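Since the structure comes first, as structure tokens, the remarks are kept for the end.
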Amino acid sequence: MSEITQPSPIAVPLGAPRPLLLNWRRYVPLLLVAPLLIYMLVLYALPVLAMLLRSLNDPTWTLSHYAALFEDVVFMKTFWITFNTSITVTLGCLILGYPVALGLVRAKTMAPLILVIILLPFWTSVLVRSYAWMVLLGRHGLVNEGLIALGMIDRPIRILNTPLATQIAMIHILLPYMILPIANALRQIDPSLIRAASGLGATPFMTFRQVILPLSMSGVAAGTLLTFVLALGFYITPAMVGGPRDITLSMLIAQQVDQLNWAYAATLSAVLLATALAILAAARHLPGVGNAFKTSMR
Amino acid sequence: MGEAGMNGAGRGASVTLADLEKRYDRVNAVDGVSLDIRSGEFLTLLGPSGSGKTSTLMMIAGFEMPTAGDIEIDGKSVVAMPPYRRNIGMVFQNYALFPHLTVEENIGFPLKQRGVPKAERAKLVAEALELVHLPGYGARYPRQLSGGQQQRVAVARAVVFKPRLLLMDEPLGALDKQLRENLQLEMRRLHADLGITFIYVTHDQEEALTMSDRIAVMNDGKVAQVGSPEDLYDRPTDRFVAGFIGESNFLPAIVRGMEDDIVVAECNGTTIRAVCPGRPATGDKVTLTTRPERLRFTDSAWNATPPQNRLSVTVTEAVFAGERCRYMLQAGDGTSLVLKEPSSAAIQRRAIGERAEISWSVADTILV
């Protein structure tokens with residue numbers, strides 16, 4: 001036997017399977033996320049689960065807490081207000097946010113500045129921003145003083161502690177969640193598509209209608225979902241600037257916890273969580289939205 | 001022929017570029033381009049990347065604003081006109097098909113913008129699909145097509161509204177060689193069928209030579225030479241053109257005089273005659289250029305033309321490449337030359353280190 005035909009020691013492990021090493025590699029991603037996973041499981045998931053269970057087993061195993069909701073006028077009204085506020089706020093964010101996203105993507109040198117302005121609310125606490133709105137919208141706040149100075153009204157009008165105040169403040173706080181996914185979708189549109197449309201005879205408006213808008217729908221869907229689901233759970237802002245009778249679900253939950261009415265609070269929490277999850281699940285099946293989940297993952 | 005010629009003249013737009021300039025910050029992307037593109041012509045802008053060919057095309061299409069100069073289409077200046085009013089077909093390098101529209105809707109897009117009624121639109125789209133050999137593909141989405149098919153859809157979309165001018169920006173760049181060669185022939189056929197003016201941008205000299213009526217070679221934002229493929233290959237007026245299109249040998253020489261239109265030059269003690277468009281002065285230092293496949297070993301059986309220019313060389317490298325043999329040669333002054341000889345079992349191959357004499361025709365020697 002010559003030396004050449006003899007397999008070299010290095011060639012063997014390269015060709016042969018190495019089951020031990022392969023198995024190890026498969027679990028590396030899992031091991032990397034394990035510390036956070038355990039942390040969340042022990043300190044977040046288990047307490048939430050325990051809390052939700054109270055809606056079923058307080059004082060004994062029963063569905064009566066849920067059944068009672070159907071005849072609960074306070075719950076029905078609160079649920080309606082919460083839903084209504086979320087829809088109004090989401091629409092407001094969409095109408096105000098889409099043009100900003102378009103501007104952000106179109107702007108070249110100004111883009112970083114615009115982005116900072118959009119993200120500024122992100123870096124300030126919700127509490128501080130809600131206080132700021134109390135100052136601005138109050139009887140002698142900037143908005144009233146300004147309207148009087150402009151001669152548009154004679155006496156201060158009531159804005160603070162109305163549903164309008166809640167909507168104004170929530171739109172301000174949630175706008176970045178609408179703008180960023182839309183801007184992301186717009187940025188992914190190949191600029192040569194816009195040139196192509198123009199070269200093929202489409203005016204800027206027709207290009208927007210037929211190319212830019214449809215291609216940004218995945219971002220619109222993602223932003224709308226995100227904004228709506230976040231709005232459903234808002235607590236601090238409606239509690240501070242909203243009307244005393246316009247109670248949202250999360251305010252009602254807090255109220256019940258204060259009164260140590262744990263089972264009722266847990267039932268309401270479960271309903272709120274289920275509503276948010278149901279909306280996300282349903283939206284996944286809408287055309288275009290499924291893609292939004294995929295593109296946002298890239 | 002008469003009818004085809006007349007149709008061609010009627011259907012294609014003529015384009016005039018006058019001292020066209022495009023400056024980005026301090027870089028002159030396009031630096032004084034003047035060009036007359038004839039009605040119905042297939043003109044290629046050929047050049048390396050950064051030569052200004054794409055910027056020139058983008059200005060004709062209206063996507064870029066010229067810094068200076070004028071663009072006339074059919075005698076009318078279009079500089080102030082937005083792209084969507086210019087009525088020019090355009091095929092992009094990446095095809096730029098609308099991903100959310102089907103093939104049919106993509107091709108129908110320009111018709112829709114022009115308010116063509118739906119029934120008429122369907123008829124024209126079907127015709128366009130027929131033209132690019134894709135009937136039955138109308139309901140698919142672009143992502144369901146291969147690169148070559150997408151390219152055909154892009155062409156169909158660019159011609160469906162019967163523009164008089166079609167611009168193409170390296171439309172075959174992303175395709176593999178085989179497909180590219182097929183589509184090159186198809187583009188030529190399309191050009192003949194439609195009779196409209198084509199302006200085609202590429203960096204591939206072979207593609208330009210195969211397809212074009214005329215080629216404008218661009219370098220550093222300027223047009224180096226405009227001419228038919230034969231003109232550019234046989235009579236380059238510029239060292240850049242001679243080097244960029246095909247392979248060239250360059251011989252440094254000193255002008256010793258003129259014999260009618262023929263330049264007599266001296267290259268390291270050897271007299272070499274060359275054709276020259278201008279009249280260089282005696283004593284000028286010049287460069288002579290020849291094509292490798294037009295050089296012959298003087299004693300070779302292939303050598304049919306009367307040897308007019310002769311040079312003694314040493315073989316430094318010999319490569320057998322199937323259909324031809326390629327030799328690297330060195331002249332007395334150290335200048336390297338390439339010689340390509342059709343291969344034949346009847347011809348003795350040269351060995352490295354062998355001394356030989358090569359010869360070639362004066363007509364194939366150009367002063368650049």
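The values are calculated or read from the model by the stated rules, or taken from the named source; none is laboratory data. Just so it is clear, the structure is predicted and the values come from calculations on it, not from any experiment. Because the Cβ atoms are built from the backbone with ideal geometry, glycine has one as well, and the counts that use them run over all protein chains shown. These accessible areas exclude ligands, DNA and RNA; they are computed on the full protein's heavy atoms, side chains included. Shrake-Rupley method; radii C 1.70, N 1.55, O 1.52, S 1.80 Å.
Has segment B:38-45 got any residue that is at positive phi and either out of contact with any Phe, Trp or Tyr (no Cβ under 9 Å at 6 or more places or on another chain) or more than 14 Å from chain A (Cβ to nearest Cβ) (or both)?
yes
So A:Pro176 fits all but one of (1) modelled with pLDDT of 90 or more; (2) open to solvent by 40 Å² or more (accessible area, probe 1.4 Å); what number is the exception?
(2)
Taking the conditions exactly as written (in a helix (DSSP H, G or I) and out of contact with any Leu (no Cβ under 7 Å at 6 or more places or on another chain)), does B:Ala128 satisfy them or not?
Details: in a helix (DSSP H, G or I): yes; out of contact with any Leu (no Cβ under 7 Å at 6 or more places or on another chain): yes.
Answer is yes for this residue.
Can you pull out the residues in segment B:313-368 that are among the basic types (Lys, Arg) and either touching a Gly at 6+ places or on another chain (Cβ under 6 Å) or at pLDDT below 90 (or both)?
Answer for segment B:313-368, where residues must be among the basic types (Lys, Arg) and either touching a Gly at 6+ places or on another chain (Cβ under 6 Å) or at pLDDT below 90 (or both): B:Arg324, B:Arg349, B:Arg350.
Among the residues of segment B:329-351, which ones are open to solvent by 50 Å² or more (accessible area, probe 1.4 Å) and not charged (D, E, K, R)?
Selection gives B:Gln330, B:Gly332, B:Ser336, B:Ala345, B:Ala346, B:Gln348, B:Ala351.
Could you tell me how many of the residues in segment A:160-196 are within 14 Å of chain B (Cβ to nearest Cβ), not β-branched (Val, Ile, Thr) and not in a helix (DSSP H, G or I)?
Total satisfying the criteria: 2.
Count, please, the residues in segment A:101-127 that happen to be in contact (Cβ under 8 Å) with a residue 12 or more places away in the chain and either in a loop (DSSP other than H, G, I, E, B) or more than 17 Å from A:Ile179 (Cα to Cα) (or both).
2
Just checking, does segment B:27-34 include any residue being open to solvent by less than 20 Å² (accessible area, probe 1.4 Å) and under 17 Å from the mean Cα position of the chain (by Cα)?
Yes, some residue in segment B:27-34 is open to solvent by less than 20 Å² (accessible area, probe 1.4 Å) and under 17 Å from the mean Cα position of the chain (by Cα).
Considering only residues that are of a type in the set (D, E, K, R), over 13 Å from A:Asn84 (Cβ atoms) and modelled with pLDDT under 90, which ones fall in segment A:233-258?
A:Arg245, the sole residue that qualifies.
Is it fair to say B:Val217 is touching a residue at least 24 places away in the same chain (Cβ under 8 Å), open to solvent by 40 Å² or more (accessible area, probe 1.4 Å), outside any loop (DSSP other than H, G, I, E, B) and not assigned by TED's automatic domain parsing to the domain that holds B:Thr290?
Considered against the rule, which asks whether it is touching a residue at least 24 places away in the same chain (Cβ under 8 Å), open to solvent by 40 Å² or more (accessible area, probe 1.4 Å), outside any loop (DSSP other than H, G, I, E, B) and not assigned by TED's automatic domain parsing to the domain that holds B:Thr290, B:Val217 comes out as no.
Out of curiosity, is B:Phe297 more than 30 Å from B:Asn219 (Cβ to Cβ), of a type in the set (Phe, Trp, Tyr) and surrounded by 14 or more Cβ atoms within 10 Å (Cβ to Cβ)?
yes
If we keep just the residues of segment A:212-250 that are part of a loop (DSSP other than H, G, I, E, B) and small (Gly, Ala, Ser), which is nearest to A:Ser198 (Cα to Cα)?
First pass over segment A:212-250, keeping only residues part of a loop (DSSP other than H, G, I, E, B): A:233-235, A:242-248.
From what is left, the residues that are small (Gly, Ala, Ser) are A:233, A:242-243.
Numbers: A:Gly233: 44, A:Gly242: 47, A:Gly243: 50 Å.
The qualifying residue nearest to A:Ser198 (Cα to Cα) is A:Gly233.
What are the residues in segment A:65-92 that are of a type in the set (Gly, Ala, Ser), under 15 Å from A:Ala266 (Cβ atoms) and surrounded by 12 or more Cβ atoms within 10 Å (Cβ to Cβ), if any? Even if it seems obvious, please write down each step before you answer.
Of all residues in segment A:65-92, those of a type in the set (Gly, Ala, Ser) come to A:67-68, A:86, A:92.
Checking the rest, the ones that are also under 15 Å from A:Ala266 (Cβ atoms) come to A:67-68.
A:Ala68 - this is the single residue of segment A:65-92 that is of a type in the set (Gly, Ala, Ser), under 15 Å from A:Ala266 (Cβ atoms) and surrounded by 12 or more Cβ atoms within 10 Å (Cβ to Cβ).
Any chance you could count how many residues in segment A:197-243 are facing chain B (nearest Cβ under 10 Å), touching a residue at least 12 places away in the same chain (Cβ under 8 Å) and not hydroxyl-bearing (Ser, Thr, Tyr)?
Here the count works out to 5.
If a residue has to be assigned to a loop (DSSP other than H, G, I, E, B) and either farther than 25 Å from B:Met59 by Cβ or open to solvent by 20 Å² or more (accessible area, probe 1.4 Å) (or both) to count, how many in segment B:75-96 make the cut?
The number of residues fulfilling the criteria is 8.
If we keep just the residues of segment B:50-74 that are part of a loop (DSSP other than H, G, I, E, B) and out of contact with any Asp or Glu (no Cβ under 9 Å at 6 or more places or on another chain), which is farthest from the other protein chains (Cβ to nearest Cβ)?
B:Asp74
Under the condition of being modelled with pLDDT of 50 or more and in a loop (DSSP other than H, G, I, E, B), which residue from segment B:1-21 is surrounded by the most Cβ atoms within 10 Å (Cβ to Cβ)?
So, considering only residues that are modelled with pLDDT of 50 or more and in a loop (DSSP other than H, G, I, E, B), the one surrounded by the most Cβ atoms within 10 Å (Cβ to Cβ) is B:Gly12.
Hey, does segment A:128-149 have a residue that's under 24 Å from the mean Cα position of the chain (by Cα), among the polar types (S, T, N, Q), under 28 Å from A:Ile247 (Cβ atoms) and assigned to a loop (DSSP other than H, G, I, E, B)?
Among the residues of segment A:128-149, not one is under 24 Å from the mean Cα position of the chain (by Cα), among the polar types (S, T, N, Q), under 28 Å from A:Ile247 (Cβ atoms) and assigned to a loop (DSSP other than H, G, I, E, B), which makes the answer no.
Taking segment B:75-102, which residues are of a type outside the set (Val, Ile, Thr), away from chain A (no Cβ under 14 Å) and closer than 23 Å to B:Ile196 by Cα?
B:Gly75, B:Lys76, B:Ser77
Mind listing just one residue for me: the one in segment A:280-298 that is closer than 16 Å to A:Phe83 by Cβ and either surrounded by fewer than 12 Cβ atoms within 10 Å (Cβ to Cβ) or touching a helix residue (DSSP H, G or I) at 6+ places or on another chain (Cβ under 6 Å) (or both) and, of those, modelled with the lowest pLDDT?
Within segment A:280-298, the match that is modelled with the lowest pLDDT is A:Ala283.
It is to be established whether one or more residues within segment A:211-230 are in contact with an Asp or Glu (Cβ under 9 Å, 6 or more places away or on another chain), within 30 Å of A:Val74 (Cβ to Cβ) and buried (at least 19 other Cβ atoms within 10 Å of the Cβ).
Within segment A:211-230 (the criterion being in contact with an Asp or Glu (Cβ under 9 Å, 6 or more places away or on another chain), within 30 Å of A:Val74 (Cβ to Cβ) and buried (at least 19 other Cβ atoms within 10 Å of the Cβ)), the answer is no, since none of the residues qualifies.
Residue by residue through segment B:248-262, note down the ones that are modelled with pLDDT of 90 or more and open to solvent by 60 Å² or more (accessible area, probe 1.4 Å).
Those that are modelled with pLDDT of 90 or more and open to solvent by 60 Å² or more (accessible area, probe 1.4 Å): B:Pro252, B:Arg256.
Hey, any hits in segment B:41-50 for a residue that's modelled with pLDDT of 95 or more, open to solvent by 10 Å² or more (accessible area, probe 1.4 Å) and of a type in the set (Gly, Ala, Ser)?
No.
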